[in-house]
Every structure is written in C-alpha cells, then in structure tokens.
Amino acid sequence: MTKINDINVLITGMGPYPDGDGGHIDVNTSHLITTLLPKTLDPNTPLNPSPTRINIITLPDPVKTEYKYVREFCKDLHTKHAEDVDLFIHLGEARGWDWLTIERVAYKQGMSSTWWGPYYGPQEYYLWKDDKDLTVKDIGPCPWDGVPMGLQSFLNPDRVADGANTILKTLYQFGKPGASVATVGNEDDNVPMPKADATEASLPINIKPHDEGGPMMCGFINYESLANRYVRKLKPNVLFCHIPGEADAKNLKRTGDGILAIVVAAAAEVLRLDLMN
C-alpha cells in the first residue's frame, strides 16, 4: 500500500451500450467524466481539506459493456494492481438521475430477485443483453464457486456519503465549485470545458447510499471486482457509484465535484480504518 500521506485511487467508467429499446448509447458519461478529472488532489484545499495527497488514476479507454470483457478486465485489473492501489471506484451512468449513489452490495451471477422486475423484466441477474448481444450465460460457467452470493466493500457507504456531502456543502459555500473538472483529458493544456451558468451550478449534487448496482452491467462489474479481491484474500477496497447520464456543462461540473468529494471522503475512511488495524 502507499504511504500514509499519499493515496492512490483508480477510477473506471463504462463504454457504449444498448438502451434496451432498440437504440444505442454511444457516449457513456461515466467514462467521459473520468477524462475530466484532475490527476491529483493536493492536500489542505477546499476540495481536499485533509492532509493527504490523493493521486487519481484513470484509464484511456472505457470498460466495454460486455460480460466476457468485464470478467477478464476485472481479473487483469486486480492482478496488476493487487497492492499499489488504495481504492478502486467503478462508475456507471443512470440516465434521468440527478444525484450520485454509492452502492452498498453486489450480487453474483445466478442471483434473482423480484424488486427489479417492474423495470428490467428478467428476475435472474445479468440476462440483459450486452453490447455484443450476449448475456452472462453465453460466456461460460460462473468462476466464483465458494464465493458468497453477496459481496460488499470494506468501506461504509453511509459514512462515505455523509463525508462527501459535507465536503460539497463546504466547497459550495466557501470554495470554488466546478474547479474539479476544468480541462478535458486530464491535461492542463487541453481545451477548457464549456462553462455552465453560475446560477445553474450553484447547488452541489446530492450523494446517496443505494441498495445495489442492479441486475445489469453496473452490478456485474461491482461483483466481479469485489470477487477478485475476495479470492485473493485482499482488502475489498472497491466502490461502485452511479452518476447522472446527462453530459451538459452543468451536470458535468456538479458530477465531477461529487465524484471528487467521494474520493476524498473514501480516502479519509481508508486511512481511518488502516490506522485502526
């Protein structure tokens, strides 16, 4: 793990996906927002009031919304970064939402429930067709025999959400909201983002704990990521967050601030729990 004064956070976003009504979402905001995040959060600043420097690692390409790809991606991710990343945050978009969520649990392939039925049809999870028109049953047997049906992060979503909302409230009262996503592509010399009207972006986005990521790709990547930590007997330092799908300037700025507030609050929890052990 990294030094006490240096936290590494790796953030992923998803790629294009079928919308379920015969259409296709070509730009997934969950990846787009990762290209707008800074590479570091310096300590003792309005956005990061802690004494801890936070390094943000993002990927050049989105995670493909394909069950087989996600399963292989998560295996490779946690093989490569078994010890050098302090926190993994996977992002997915939820179109129509104007808040961020931190998901409490993730469920294994084979899970079924009735609570998603009115929205997504199949009771069994991960039967929603992916970007290759396949379900999880088309990619071979489940590799997680002996792994619990439900997995969760070692971080408490309620504590992280409370901490993040407090950071945002302070930032929007006394700091500089919108500064979190000032440039495109994580490069200082790139084209600035389009400006949002100050009155539109004057309120911080709300961050809520949420029961689970759902029976589609978002819940799937969360479980696959946590399962890889579980079988390696590594700390389950994984969070999944849903973000709004809208990509206008106002939403990108508010969402970017919200994601970084989650990063800071979660990093504080990582340090607190590490110091307790």
### Summary
In Å, the C-alpha Rg and Dmax of segment 102-169 are 15.9, 47
### Task
Note down the nm distance, to one decimal, between modelled labels 7 Å out along Cα→Cβ at W99 and at V27.
2.7 nm
### Task
Could I get the Rg over Rh figure for the chain? Both from C-alpha atoms, Rh via Kirkwood, rounded to two places.
0.95
### Summary
GNM on the chain, Cα springs under 10 Å; top mean-square fluctuation among W97, W115, W144 goes to W115
### Descending principal axes extents, segment 21-89, alpha-carbon based, whole Å
48, 29, 17
### Summary
Listing C241, C74, C142 by rising number of other beta-carbon atoms within 10 angstrom, fewest first, gives C142, C74, C241
### Cα-centre dipole for the chain with unit charges at Cβ (Lys and Arg positive, Asp and Glu negative), debye to 20
680 debye
### Message
Can you give me the angle between helix 217-231 and the longest principal axis of the chain, using Cα atoms only, in degrees from 0 to 90, rounded to the nearest 10?
### Response
90 degrees
### Sites T166 and A249, calculated FRET efficiency, Cβ-Cβ separation with R0 35 Å, nearest 0.05
0.90
### Summary
In this structure, the FRET efficiency calculated for N44 and K132 from their beta-carbon separation, with R0 = 41 Å, to the nearest 0.05, is 0.30
### Query
Which lysines have a Cα less than 26 Å from the Cα of K253, not counting those fewer than 8 places away in the same chain?
K39, K64, K169, K176, K195, K208
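Readers should treat all values here as calculations from the given coordinates under stated rules, not as data from a laboratory. This one's a predicted model, so the numbers in the text were calculated from it and none came from an experiment. A quick note on method: Cβ atoms are made from the backbone with ideal geometry, for glycine too, and the neighbour counts reach across all protein chains shown.
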